[in-house]
Amino acid sequence: MKTQPRLYIDIDGVLLTARDTRLADNAVAFIDFIIENFDCYWLTTHCKGDNRTAIRRLQPYMTKETLVKLSSIKATNWDTLKTEAIDFGSKFFWLEDSPLQYEIKVLKENNCFDHLIMVNLTTENELLRVIDLLGKV
């Protein structure tokens, strides 16, 4: 059996809009796609060692059925930079709307900058674009 690539996922700006917080367009289809095709990990300020904090953040915006699916996403733990939680020895992609400049530097130092997928929810059908991009890997 082929090992699924890891997918590190931010919440704000990826699943939820940054302004006037709401669920991003096409988020449920996106969640179904990533759960089925990737080994998923939270990489967000809303989850440091416990995936239940991420679920609580998303609870007002999701159905119970979708929350159950999201509960399969694993927790990460990091202190200062999100890149501390990334396993650079694995095949991975990171979905993020606003990485820090130093996180970008760490990705470049590890020859992994092209594993960062910038998400811009102000673009129409952005999560469908990300599904299409991830479907090609």
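The values are calculated or read from the model by the stated rules, or taken from the named source; none is laboratory data. Because the structure is a prediction, the values reported are computed rather than measured. Cβ placement follows ideal geometry from the backbone for every residue including glycine, while neighbour counts extend to all protein chains displayed.
The figures follow:
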item	result
Selected residue (only one of 76, 83 is of a type outside the set (Lys, Arg), within 22 Å of residue 52 (Cα to Cα), buried (at least 19 other Cβ atoms within 10 Å of the Cβ) and in contact with a strand residue (DSSP E or B) (Cβ under 6 Å, 6 or more places away or on another chain))	76
Selected residue (only one of 120, 77 is modelled with pLDDT of 95 or more and either under 23 Å from residue 20 (Cβ atoms) or polar (S, T, N, Q) (or both))	120
Residue ID - farthest from residue 6 (Cα to Cα), chosen from residues in segment 121-132 that are part of a helix (DSSP H, G or I) and in contact with a Leu (Cβ under 9 Å, 6 or more places away or on another chain)	127
Where a residue in segment 13-27 is in contact (Cβ under 8 Å) with a residue 60 or more places away in the chain and closer than 19 Å to residue 117 by Cβ and its partner, wherever it lies, is of a type in the set (S, T, N, Q) and part of a loop (DSSP other than H, G, I, E, B), with Cβ under 7 Å and at least six apart	13/98; 24/17; 25/125; 26/125
Residue check, residue 41 among the hydroxyl-bearing types (Ser, Thr, Tyr) and either surrounded by fewer than 12 Cβ atoms within 10 Å (Cβ to Cβ) or within 22 Å of residue 123 (Cα to Cα) (or both)	no
Residue ranges of strands (runs of 3 or more DSSP E) in segment 1-120 with at least 2 members within 20 Å of residue 131 (Cα to Cα) and among the acidic types (Asp, Glu)	none
